[in-house]
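Heads up, the thing below is written out as structure tokens.
The values are calculated or read from the model by the stated rules, or taken from the named source; none is laboratory data. A quick note: this is a predicted structure, and the numbers were derived from the prediction, not measured. With ideal geometry, Cβ positions are generated from the backbone for all residues, glycine too; neighbour counts draw on all protein chains shown. Calculation scope for accessible area: heavy atoms of the full protein, side chains included, ligands and nucleic acids excluded. Shrake-Rupley method; radii C 1.70, N 1.55, O 1.52, S 1.80 Å.
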Amino acid sequence: MKQYTGQLSAATKALISQNKDRLERLLSGRLGKVSSNNLVYTLEESIEKYNAGLTQDEIKAWVWYRRKMGIPMTNWKPYFTNPSENDLRKWVVSKVLFYDNGNLVPFPIFAFGNLYTKINQVKANKDEIVKSFGNTVYEDHLTVLEKLKPRALSITNPIEAERPVVLAIGEFARTHTVAALKDIEFKEPTTLQEAYKDWLRDQPPHVFKKTRAYEVINYYLENGRKPSYTDKIEWTAIKKLTRDDGERLFKVFLHEALEYQEQLKIDAHYNMNYNAFAPLQVNKIPVALQISKKFKGFDLQILPAQSEGVAFIELVGSGVIAYDVGVGKTITAIINIINALNSGRCKRPLVVVPNPTYKNWILEILGNKEMEGILSNTDVTINEWYNMGVDVKYDASKKVAERSITIVTYEGFEKMGFNQQTAGDHLYELSSILSQDDVSERNQEKAYEKYREMIGTGNKGTVADIEVLGFDFLVIDEAHNFKNIFSEVKSDEKQGKQFHITGGQPSTRGIKAFFVCNYIQRTFGRNVVLLTATPFTNSPLEIYSMLSLVAYNYMKKMGIYNIRIFFEQFIQETSEYGIKQNGEIENKNVVKSFNNRISLQQLVFSHISFKTGEDANVPRPCKINLPKTTTITDNGVVRLPKEKQILTYLQQNDIQQSNQKEINEIASQPVNKDE
């Protein structure tokens with residue numbers, strides 16, 4: 001081997017310093033070391049494969065932070081470190097760690113959550129940050145957060161579509177106070193809604209569309225009763241017109257009637273609560289997938305979208321993997337499970353699957369004698385509990401074995417229950433989500449009675465308690481089958497029923513999923529993974545139901561405590577006529593539009609990871625639409641010559657051609673007015 005002597009160049013010294021840790025592992029024989037059977041990826045192989053762009057310091061800092069938060073990170077032992085104060089300071093200066101309200105956290109954690117709150121916290125902690133790390137670090141912290149902060153929205157924007165939407169009947173309009181309008185003085189501050197009523201009374205008739213100020217105020221804002229002289233059809237029309245006109249004019253009121261300072265207050269409230277979240281920084285989270293090198297006889301290739309799904313759950317704790325068909329939801333779930341087991345985040349995962357996919361899940365996890373599974377040659381085992389019927393062997397009196405994955409079908413899942421303490425906790429949780437403000441004691445007791453019935457449904461026909469079995473991680477496949485949880489928005493004691501959209505009746509499996517998801521997250525702080533290619537339709541009840549399974553606490557931090565507030569923030573309701581299956585015409589309440597779509601998207605994307613086949617670069621068959629009569633060129637769409645066209649029309653026979661000719665002749669004749 002050649003040896004070189006003499007002075008090293010500055011560039012070479014920098015390169016050696018940058019790769020110090022890697023060289024030490026190479027010299028110690030640890031770099032690239034494979035498992036004894038060479039069938040499972042080692043930690044180093046996994047890091048090399050799935051963590052491009054991450055520095056050694058970023059990986060070490062992440063492992064240090066997670067261990068500090070109580071997660072053992074057992075499989076990351078080579079990256080365990082006990083940094084000194086000087087080491088931590090270097091990490092902060094180099095933007096590997098950030099000062100977050102008294103804690104040092106990695107960048108993905110620092111950027112996760114309400115950015116306005118974080119900016120205020122940094123400013124409040126300025127003296128401590130400057131004292132410990134210098135003024136440059138303080139300025140860097142603010143710069144990072146300001147760059148991540150979404151563009152602020154304002155009700156002063158001349159483009160209506162780009163303004164934040166506040167409902168005239170919402171809680172904010174009923175509680176936020178203003179001192180004056182541009183043209184109206186108040187003796188004392190009044191609520192935004194009351195100020196709006198005064199403004200409406202001063203408006204000329206032509207600003208209303210088939211309504212009057214009295215009707216908008218009495219029938220919409222105050223939710224007045226139907227007059228005795230009005231029939232049902234006319235009342236339905238009045239409710240629709242006053243609702244649509246009331247919200248249309250409220251936008252005008254906010255934009256034109258309020259003093260500028262009052263507008264700024266509303267802008268600040270909206271942006272600081274609902275438009276304050278950055279895209280998730282999952283590319284800065286290290287992933288270690290110690291899994292089989294072979295899968296079904298071939299080299300196991302984990303797609304970037306699938307490893308990103310692991311980083312996504314690492315960051316948000318609980319979430320929905322909403323990947324398109326072919327992107328690999330099942331694989332993403334399995335590698336999430338092994339990641340959680342190896343890091344010590346869980347010991348006893350439960351997987352709930354549809355009956356038709358039950359055997360396939362077992363095959364993909366551990367394979368069989370002929371083919372490897374994703375976790376073949378690891379120490380993970382499977383409890384095949386199927387539907388928990390009488391022919392299935394299991395012991396419901398003790399915890400399942402550690403590092404064992406229990407797989408059940410939907411039917412088996414419905415046979416799992418809770419003890420009395422957990423049932424009581426669920427009653428409180430459901431009440432806080434579904435209850436409305438200012439309800440009477442009598443109505444509250446009625447609501448509790450219904451919730452007790454739902455708890456009873458949760459325990460009906462159960463054969464084992466989840467607490468006893470020790471499950472601490474939950475995966476639900478095809479989770480859209482569990483989205484029927486909330487069927488309507490309840491009446492408010494003071495305002496009455498303001499939202500009338502209804503969904504399907506709550507299902508037993510949906511209620512059970514809500515119970516179990518809340519139990520897992522309340523007990524372990526995270527560890528729920530839902531899989532579906534179609535998490536919800538355009539139904540706001542479905543959107544809220546799905547989010548309540550994985551992001552209820554997150555929504556509470558946004559001020560969305562229940563369904564009613566969710567509707568007030570994001571839903572514009574109207575009514576329209578439709579035809580029933582029997583041919584009858586009915587008036588139906590529908591979603592006119594989703595308000596504040598930017599903030600709704602921020603909420604949805606905070607806990608739901610969407611990936612299409614195109615996003616994940618999944619090969620798809622070439623799609624050809626027939627009939628093919630045109631082609632795309634540099635000059636745009638051009639019609640193909642007749643001989644190159646591919647048609648799908650059926651050729652008419654002689655009789656059909658004759659009939660068609662006769663029809664055309666009759667259709668071309670002038671019509672007599674009297675006929």
Query raised in the report: Do we have I313 as over 17 Å from the mean Cα position of the chain (by Cα) and assigned to a helix (DSSP H, G or I) here?
Result: no
Query raised in the report: Out of (1) modelled with pLDDT of 95 or more; (2) in contact with a helix residue (DSSP H, G or I) (Cβ under 8 Å, 6 or more places away or on another chain); (3) farther than 27 Å from D472 by Cα; (4) open to solvent by 40 Å² or more (accessible area, probe 1.4 Å), what's the single condition that is false for L97?
Result: (4)
Report task. Take the range 295-327 and flag every residue that is open to solvent by 10 Å² or more (accessible area, probe 1.4 Å), touching a residue at least 60 places away in the same chain (Cβ under 8 Å) and farther than 16 Å from V282 by Cα. Result -> F295, K296, G297, I302, D324, V325, G326
Requested in this report: Determine if the range 167-189 includes at least one residue that is of a type in the set (V, I, T), under 24 Å from G559 (Cα atoms) and in contact (Cβ under 8 Å) with a residue 24 or more places away in the chain.
Outcome: yes
Report task. Determine whether the range 602-615 contains at least one residue that is part of a strand (DSSP E or B) and under 20 Å from F486 (Cα atoms). Result -> yes
Query raised in the report: With respect to the numbered conditions (1) under 30 Å from R163 (Cβ atoms); (2) touching a Lys or Arg at 6+ places or on another chain (Cβ under 8 Å); (3) among the small types (G, A, S), which one is the sole condition not fulfilled by A533?
Result: (1)
Query raised in the report: surrounded by 10 or more Cβ atoms within 10 Å (Cβ to Cβ), assigned to a helix (DSSP H, G or I) and of a type outside the set (F, W, Y), is that true of Q652?
Result: no
Report task. From I543, I560, grab the single residue that is aliphatic (A, V, I, L, M), part of a loop (DSSP other than H, G, I, E, B) and either over 30 Å from S343 (Cβ atoms) or modelled with pLDDT under 90 (or both). Result -> I560
Query raised in the report: Considering A52, A61, which residue is assigned to a loop (DSSP other than H, G, I, E, B) and within 31 Å of the chain's Cα centre (by Cα)?
Result: A52
Report task. Kindly check whether there is at least one residue in the range 322-335 that is at pLDDT 95 or above and more than 30 Å from M69 (Cβ to Cβ). Result -> no
Query raised in the report: Just for the range 573-600: of the residues that are in contact (Cβ under 8 Å) with a residue 40 or more places away in the chain and β-branched (V, I, T), which one is surrounded by the fewest Cβ atoms within 10 Å (Cβ to Cβ)?
Result: V590
Query raised in the report: Is the range 575-589 home to any residue that is out of contact with any Ser or Thr (no Cβ under 7 Å at 6 or more places or on another chain), at positive phi and not in a strand (DSSP E or B)?
Result: yes
Query raised in the report: Could you count how many residues in the range 106-120 are open to solvent by 20 Å² or more (accessible area, probe 1.4 Å) and over 20 Å from W91 (Cα atoms)?
Result: 4
Report task. Find all pairs meeting these conditions: Cβ atoms under 8 angstrom apart; at least six residues apart or on different chains; first residue within the range 140-154 and touching a residue at least 24 places away in the same chain (Cβ under 8 Å); second residue among the small types (G, A, S) and open to solvent by less than 60 Å² (accessible area, probe 1.4 Å). Result -> V144/A111; L145/A111; L148/A111; L148/A278; K149/A276; K149/A278; P150/A276; P150/A278
Query raised in the report: In this structure, does G504 turn out to be free of Cβ contacts under 8 Å to residues at least 40 places away in the same chain, assigned to a loop (DSSP other than H, G, I, E, B) and either open to solvent by 10 Å² or more (accessible area, probe 1.4 Å) or touching a Lys or Arg at 6+ places or on another chain (Cβ under 9 Å) (or both)?
Result: yes
Query raised in the report: Just for helices (runs of 4 or more DSSP H) wholly inside the range 191-285: which have at least 3 residues that are open to solvent by 50 Å² or more (accessible area, probe 1.4 Å) and charged (D, E, K, R)?
Result: 192-201, 232-252
Query - Counted residues, the range 122-180 - those being open to solvent by 20 Å² or more (accessible area, probe 1.4 Å), modelled with pLDDT of 95 or more and touching a Pro at 6+ places or on another chain (Cβ under 6 Å) - result: 1
Requested in this report: Assess whether R22 counts as being assigned to a helix (DSSP H, G or I), open to solvent by 70 Å² or more (accessible area, probe 1.4 Å), at pLDDT 70 or above and in contact with a helix residue (DSSP H, G or I) (Cβ under 8 Å, 6 or more places away or on another chain).
Outcome: no
Report task. Starting from the range 94-105, keep only residues that are more than 18 Å from K126 (Cβ to Cβ), then list their pairs with residues that are small (G, A, S) whose Cβ atoms are within a distance under 8 Å, requiring at least 6 positions of separation or different chains. Result -> V96/A61
Query raised in the report: Scanning the range 530-568 for residues that are of a type in the set (S, T, N, Q) and open to solvent by less than 20 Å² (accessible area, probe 1.4 Å), which turns out farthest from A513 (Cα to Cα)?
Result: N562
Query raised in the report: Assuming G412 fulfils every condition listed in (1) among the small types (G, A, S); (2) open to solvent by 10 Å² or more (accessible area, probe 1.4 Å); (3) farther than 19 Å from V40 by Cβ apart from one, which condition is it?
Result: (2)
Requested in this report: Kindly check whether there is at least one residue in the range 381-389 that is in a loop (DSSP other than H, G, I, E, B), without any contact (Cβ under 8 Å) to a residue 40 or more places away in the chain and farther than 24 Å from S46 by Cα.
Outcome: yes
Query raised in the report: Does the range 82-93 hold any residues that are open to solvent by 70 Å² or more (accessible area, probe 1.4 Å) and part of a loop (DSSP other than H, G, I, E, B), and which are they?
Result: N82
